[in-house]
Amino acid sequence: MTANPVIYIVDDDPVVLASLEALLLTQQFEVRSFSNAQLLLEKIRPTDVGCIITDLQMPEMDGIALQANLVERASHLSLIMVTGYANVPVTVEVMKRGAVSLLEKPYDAIQLIAEVKRAVTVSRQSFEIAQQSREALEKIKQLTAEELSIMECAVSGLPNKAISHNLAISGRTIDRRRQSALRKTNVNSIGEFAVLLATAKKAGEI
Amino acid sequence: MLVEDIKLSESLESLQRQVRRYRSLVLAIAENVWVADPDGQRTEVVHGESVTSVEPGWVAVSDRLNAMHPDDRISLERKIVKSLATFEIFRHEARILDDSHKGKQISLLAVPVRNETGEVEEWIGLTEDITLLKEQSSRIADELEWRRVSFEQSLDPIVVLESDGSVFACNASFCRVLGYSRDELKRMFAWDWDLVYDKEYLLERLAGNKAPDTKFETRHRCKNGQTIDLEVGVFPFELQGKRLIYCLHRDISQRKEHERKILRQTELQKIVAYTASHLVESGPDEQLIIKALNDFRGKFGIDGHLNYDFNESTSTLDLVSSDGFSEESLRNLAKCPITKVPEQHDLIREKMCYSVQEFGLCPAEVAIQQHVVGSCCIPLVDGGKLIGVLTLISFTQRQFDSDVLGALFTLASLLASTKQRIRSDTALRENQTKVAAAVAALRDSDERFRQLAEHIVDVFWIYDVVAQKYLYVSPAFNLLFSVSAEEFSGTTAEYLSFLHEDDRPAFLAARHRQLNGHETVEEYRILSSDGKQRWIIDRATPIMNSVGFVYRLVGVLRDVTERVAAQDKLAVQQSELLHVSRLNTLGLMSAAISHELNQPLSAIANFAKACEFSLDEATNDTRALCAEYLRQINSQSLRAGEILRRLLDFGKRSPARMAAIDINQVLQDSVALAGVDLRNRGIRVEWQLQSGLRAIEGDRIQLQQVFVNLFANAADAMDDVAQGRKLILLRSFGQPGKIVVEMEDQGCGITNELREKLFIPFNSTKQRGSGIGLSICKTIVDAHRGEITAREAQEHGTIFSVVLPAGGTQL
């Protein structure tokens, strides 16, 4: 089960940090504030779901560096970047790396709250997708190498005869292994297996 | 009486008269008269000879001979023999051999006395002492010889001219200097070698019709065509009724050469300044740059081509490619066909290549088709990068002297900065024009000040302390005060009435200091009766008696109205310049500024919205929260306002306003202004500000500008330093009479060469720098009578140190 969403906020200006916390608390979010990005990175875990609101310009680790670090950790936390001075190249870079949004200070509080809500949803989805992929991967891993290779051929749409020809295995053996694979992964059709396989592949190499 | 008797007695009388006459003659010289036999064997000394100490009486000739100096005996004997044989008048000089052996000289004269029949009866002789005469004549001969030698051997060329301009005499040095032989010179006239004065003028001078100028400078032409500068001293004199002119020459070619060099350098500086002003005005307009270069070349008399070439694309730098001169480029260089490239070509290529790489100078001589071409290639360097070349080609000059090369270097740096400006924005160009204008204004006021100094009439005054009156004011008093020295009563009260009201207290305070034995220099305004206001500088010195009592004051007044006006104008222009520069800085800081301002604004927005949301469900808790949020909103608005105030102050067009200020406050404001930009670039600022420092007299905004510029400079210096190690240390501390601020960065430091040029305008090593930041810092610090220096930090980085004089009050 996923944890409650948490809103992490990072700003080197303590007053801005306090004001943002005050705003988010009125919306009954769980808020944690950090005066620098390094402290935040020490606190977050891979299973966290929620959103990070960070200032772009900060001494030592800035918003861009924080984002890069999060991507590397494959964190599910969504990122909202806030800046006092945005230019096009920075905006493009930040969005390309998967930030949910980039807001220019001073921002409209209503819009920020909306973005936060959206970000939390995105984060939760990301977490759930990851969760499902991991489960699918677990199922797929129960298959033997022979079963997996036959199923891959089947998923790509080859008829049994062709598979038999390609892998030099008899039609009956193929049929038996197909049935075994469907049973092990608890799916009913080759179509459902294809979905399972694709989900599993998101979680890593099979 | 018979007629014969009468005749007889007359002739007798005449005879007697003659006898009397001869007797008195003989008596007069009797001492040294002697008589000799016709055969000359013996002589009778009539009254004794004082010279030879011979007693009266007969003396044998042989004895007389023996009395002579042995060396003279033979010649004397010969002479006697000769005279006896021919009966000619005997005249001879000889030395006598006396006891003292002093070698007296005598002259012997003997005349034959003949009787009626014409036979020689006897000789009558005279001995004369000519020792003194001889000594004198030998002295004269020595003197003559000495003079002859000093004339002949003098290293200074001397010529003696006759009044018609021909040569009467000349010495060896004169011949040597002009290169003519003495004989050749004897046939020449003064105008044949004088290049400055013509025949007519020289003749007038020689005749003594011109002003009695005893010294003049001229130039002579030598036989080999060379010219020589000489100073001529002229002394006319007369010799045997002939008017002669003695001309002493002194070689002043070296001095003249030096003078010419200075003149040339001055001229050159003028040309460079002229070209600089052209380039500054012209900006990036290529036509105008070319025109300026042509002017430069023309004014300096360089025949050939002076070209510049910016290497925007590599193809334009064909002239000097990275591997030196190609044959093609040589052809371009000389603009004439090459049939054979001489051997030294390779050498030139090597040299040129090396020089271009080192950004140094490369003089090269290329011989192409018998045309000797001197060329010189100066790289245009901007920010340590080669951006083009300035080439000078000459068809007549093989080499260029250091003056020309120096000027070309200046030109090259000007060109490089022009090029840099092409890249820069218009604000920067405006800046540079302003700087040029300020420089021109400075030069202008300098010139005016010089003229003023030349035409100034100072007023001297003496003040009697006991009588409390001016004892004396010099006549020029009238010019300044429109009151003649006689009309001026001398009382301090009257003097005060001339002064501008506002300046009177300062004057009296200065007078008080003078009476306490201090020298003072005071500037004040006076109002002359025609209502005009003049600025006067009054330097006063107290005079003390032996017990240290000041009994008199003396001083000098000088009219400095124009200088003050020029200073005021300059101050206005300078504050203009500083303002523009600040606006430029503000422009650069705009990103940081908007961030700075957005911080409190977003805090306000957040708090306000939080309030609104909280009020929807008004409980006591939320009320308290809202009150807190509203307080925050208030303080954040004030914070935003403060930021705006600082920015407005910084960007304000304000004349320098000197006041007692706290340097630490200035530093804190500067950090606040520059701080966000520094933070964004990952730079930390650490400070150690000594508290309780004395106030300094200065302009808050201008000093902020200094430190903001220094911060920007330090930040730029650390661009290449790793994140986390970027640190600026800011210190302030007091020294006796001074307050020191030091700013240390962790950058790459500065080279000695750079340090010298650090504060010169347009000398930026940065790509985006205008090169005036540090020069503006220096201008401001100078105006505060302070000093700004840079030095290498102990480990790495640079320390900029600003030393300002401490004012009176303790803070």
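Got at least one residue in the range B:697-715 being part of a loop (DSSP other than H, G, I, E, B), open to solvent by less than 20 Å² (accessible area, probe 1.4 Å) and under 20 Å from residue B:787 (Cβ atoms)?
Within the range B:697-715 (the criterion being part of a loop (DSSP other than H, G, I, E, B), open to solvent by less than 20 Å² (accessible area, probe 1.4 Å) and under 20 Å from residue B:787 (Cβ atoms)), the answer is yes, since at least one residue qualifies.
Taking the range B:692-727, which residues are without any contact (Cβ under 8 Å) to a residue 60 or more places away in the chain and among the small types (Gly, Ala, Ser)?
Those that are without any contact (Cβ under 8 Å) to a residue 60 or more places away in the chain and among the small types (Gly, Ala, Ser): B:715, B:722, B:724.
Conditions tested, residue by residue: (1) away from chain A (no Cβ under 14 Å); (2) more than 17 Å from residue B:783 (Cα to Cα); (3) among the polar types (S, T, N, Q).
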| position | (1), (2), (3) |
| --- | --- |
| B:672 | no, yes, no |
| B:678 | no, yes, no |
| B:683 | no, yes, no |
| B:694 | yes, yes, no |
| B:698 | yes, no, no |
| B:712 | yes, yes, no |
| B:717 | yes, yes, no |
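So if I check each of A:182, A:148, A:137, A:143, which one is part of a loop (DSSP other than H, G, I, E, B) and more than 30 Å from residue A:20 (Cα to Cα)?
On inspection, the qualifying residue turns out to be A:143.
For the subset of the range B:17-68 comprising residues that are open to solvent by 60 Å² or more (accessible area, probe 1.4 Å), within 20 Å of residue B:82 (Cα to Cα) and among the charged types (D, E, K, R), which member is farthest from the chain's Cα centre (by Cα)?
Ranking the candidates gives B:39 first.
Please determine, by comparing only the residues of the range B:504-556 that are touching a Ser or Thr at 6+ places or on another chain (Cβ under 6 Å) and among the hydroxyl-bearing types (Ser, Thr, Tyr), which one is least open to solvent (accessible area, probe 1.4 Å).
Per the stated criteria, the residue is B:528.
Go through the residues of the range A:84-91 one by one and say whether even a single one is on the phi < 0 side of the Ramachandran plot, buried (at least 22 other Cβ atoms within 10 Å of the Cβ) and outside any helix (DSSP H, G or I).
Checked against the condition, which is being on the phi < 0 side of the Ramachandran plot, buried (at least 22 other Cβ atoms within 10 Å of the Cβ) and outside any helix (DSSP H, G or I), the range A:84-91 yields at least one hit.
Scan the range A:93-126 for residues that are modelled with pLDDT under 90, crowded, with 16+ Cβ neighbours inside 10 Å and part of a helix (DSSP H, G or I) and jot them down.
The answer is A:94, A:109, A:126.
Right, residue B:594: assigned to a helix (DSSP H, G or I), under 29 Å from residue A:10 (Cα atoms) and either among the small types (Gly, Ala, Ser) or at pLDDT below 80 (or both) or not?
yes
Consider residue A:52 carefully, then state whether it is in a strand (DSSP E or B), away from every other protein chain (no Cβ under 14 Å) and within 25 Å of residue A:15 (Cβ to Cβ).
Criteria met by residue A:52.
Taking the condition of being hydrophobic (A, V, I, L, M, F, W, C) and in contact (Cβ under 8 Å) with a residue 24 or more places away in the chain, how many residues in the range B:607-632 meet it?
Count: 2.
Report yes if some residue within the range B:629-647 is under 30 Å from residue B:785 (Cα atoms), aliphatic (A, V, I, L, M), open to solvent by 60 Å² or more (accessible area, probe 1.4 Å) and at pLDDT below 80; otherwise report no.
No, the range B:629-647 contains no residue that is under 30 Å from residue B:785 (Cα atoms), aliphatic (A, V, I, L, M), open to solvent by 60 Å² or more (accessible area, probe 1.4 Å) and at pLDDT below 80.
Taking the condition open to solvent by 50 Å² or more (accessible area, probe 1.4 Å) and either in the same structural domain as residue A:89 (by TED's automatic domain parsing) or within 26 Å of residue B:623 (Cβ to Cβ) (or both), does residue A:39 pass?
yes
Filter the range A:1-23 for residues that are touching a helix residue (DSSP H, G or I) at 6+ places or on another chain (Cβ under 7 Å) and either within 12 Å of chain B (Cβ to nearest Cβ) or surrounded by fewer than 18 Cβ atoms within 10 Å (Cβ to Cβ) (or both) and give the result.
Across the range A:1-23, the qualifying residues are A:2, A:9, A:11, A:13, A:15, A:16, A:19, A:20, A:22, A:23.
If residue A:54 meets every condition in (1) of a type in the set (Ser, Thr, Tyr); (2) touching a residue at least 12 places away in the same chain (Cβ under 8 Å); (3) surrounded by fewer than 20 Cβ atoms within 10 Å (Cβ to Cβ) apart from one, which number is that one?
Result: residue A:54 fails condition (3) only.
Quickly run through the range B:601-610 and pick out the residues that are within 15 Å of residue B:635 (Cα to Cα) and either open to solvent by 20 Å² or more (accessible area, probe 1.4 Å) or more than 7 Å from chain A (Cβ to nearest Cβ) (or both).
B:601, B:604, B:605, B:608
May I ask you to verify whether residue A:27 is part of a loop (DSSP other than H, G, I, E, B), open to solvent by less than 40 Å² (accessible area, probe 1.4 Å) and within 14 Å of chain B (Cβ to nearest Cβ)?
no
Please state which of the following conditions residue B:691 fails to meet, knowing it meets all the rest: (1) modelled with pLDDT of 85 or more; (2) in a helix (DSSP H, G or I); (3) touching a helix residue (DSSP H, G or I) at 6+ places or on another chain (Cβ under 9 Å); (4) open to solvent by 30 Å² or more (accessible area, probe 1.4 Å).
(2)
When you look at residue B:193, is it at pLDDT 80 or above, exposed (fewer than 13 other Cβ atoms within 10 Å of the Cβ) and under 30 Å from residue B:218 (Cα atoms), yes or no?
no
Restricting the search to the range B:6-38, which residues are acidic (Asp, Glu) and at pLDDT below 80?
Passing the criteria: only B:31.
Identify all residues within the range A:62-79 that are surrounded by 15 or more Cβ atoms within 10 Å (Cβ to Cβ) and away from every other protein chain (no Cβ under 13 Å); write none if there are none.
If the condition is that a residue be surrounded by 15 or more Cβ atoms within 10 Å (Cβ to Cβ) and away from every other protein chain (no Cβ under 13 Å), then A:66, A:67, A:69, A:70, A:75, A:76, A:77, A:78, A:79 are the ones that fit.
The values are calculated or read from the model by the stated rules, or taken from the named source; none is laboratory data. Every value quoted in this text rests on a predicted model; they were computed, and no experiment measured them. Note that each Cβ is placed from the backbone with ideal geometry, even for glycine, and that neighbours are counted across all protein chains shown. Quick note on the areas: whole protein, heavy atoms, side chains included, nothing else; ligands and nucleic acids left out. Shrake-Rupley method; radii C 1.70, N 1.55, O 1.52, S 1.80 Å.
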